[in-house]
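Here the structure is laid out as structure tokens; the discussion comes afterwards.
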Amino acid sequence: MIEIRKIEPEMTYSIRHSVLRPHQLMDECKYETDHGAGAFHVGAFYQRELISIASFCIEKNSDFSSEMQYRLRGMATLEEFRKLGAGKSLISFAESLIKGQGFELLWCKGRTSVQEYYSKLGFEVHGEVFDYPPIGPHIIMVKHL
């Protein structure tokens, strides 16, 4: 069974590094938004092991008219635990928290390789593919809550 709960930002760094940024330094897995006002981090645990993480921060994307926006950053699941529904559960948990605070919109800069996954979670493509050095092609995805 998967357990979802809030975690400290430092708990995200190892999975961010191994899944999202393996060719970068660990320090590059620490985001300037990790400790910002309104920021929170969610972890999925399987048999007490942290297997999936996601971070959320209040950040306005000027492409969207809503003033009440959250940004999803650094969502990742360890490869051997994919297909257990951990990511879907993380997003559902976070959306409840975000909506409960009156926010209307959740957006992210997702890798094009996971665009279909985000679509299954209810996100829609916004704009064109762009390069996000040194990681590669990304697309903005948005979900109205």
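Points worth noting:
- When the C-alpha to C-alpha distance is required to be over 21 Å, the pairs from Lys60/Lys88; Lys88/Lys109; Lys60/Lys109 that qualify are Lys60/Lys88.
- Positive-end residue, region 49-145 charge dipole about Cα centroid, Cβ charges, pick of Ala86, Phe56, Leu72: Ala86
- Taking every C-alpha pair closer than 8 Å and separated by at least 6 residues, the mean separation divided by the residue count of the chain gives a relative contact order of 19 percent.
- The dipole here belongs to the chain: it is taken about the Cα centre, uses +1 on the Cβ of Lys and Arg and -1 on the Cβ of Asp and Glu, and is about 360 debye.
- Which of Ile135, Phe123, Cys29, positive extreme of dipole for the chain (C-beta unit charges): Phe123
- Taking packing as the residue-averaged number of other Cβ atoms within 10 angstrom, the listed peptides 98-104, 47-53 run from highest to lowest as 47-53, 98-104.
- For the chain, the share of accessible area belonging to carbon and sulfur comes to 50 percent (1.4 Å probe, ligands and nucleic acids excluded).
- Zone residues, region 103-118, relative to Lys60, backbone N less than 20 Å from point 7 Å out along Cα-to-Cβ: 103-109
- For the chain: accessible area per residue (Å², 1.4 Å): 55 Å²
- Between Lys30, Lys83, Lys109, the Gaussian network model of the chain with springs among Cα atoms under 10 angstrom shows the greatest mean-square fluctuation at Lys83.
- Note on Rg and Dmax of the Cα atoms in Å: of the candidates [x] 16.5, 54; [y] 15.0, 40; [z] 14.3, 42, the value calculated from this structure sits at [z].
The values are calculated or read from the model by the stated rules, or taken from the named source; none is laboratory data. As the structure is a computational prediction, the values presented were derived from the model and not from experiment. All Cβ positions, glycine included, derive from the backbone under ideal geometry; neighbour counts span all protein chains shown. Each accessible area value is taken on the protein alone, full model and side chains, heavy atoms only, with ligands, DNA and RNA left out. Shrake-Rupley method; radii C 1.70, N 1.55, O 1.52, S 1.80 Å.
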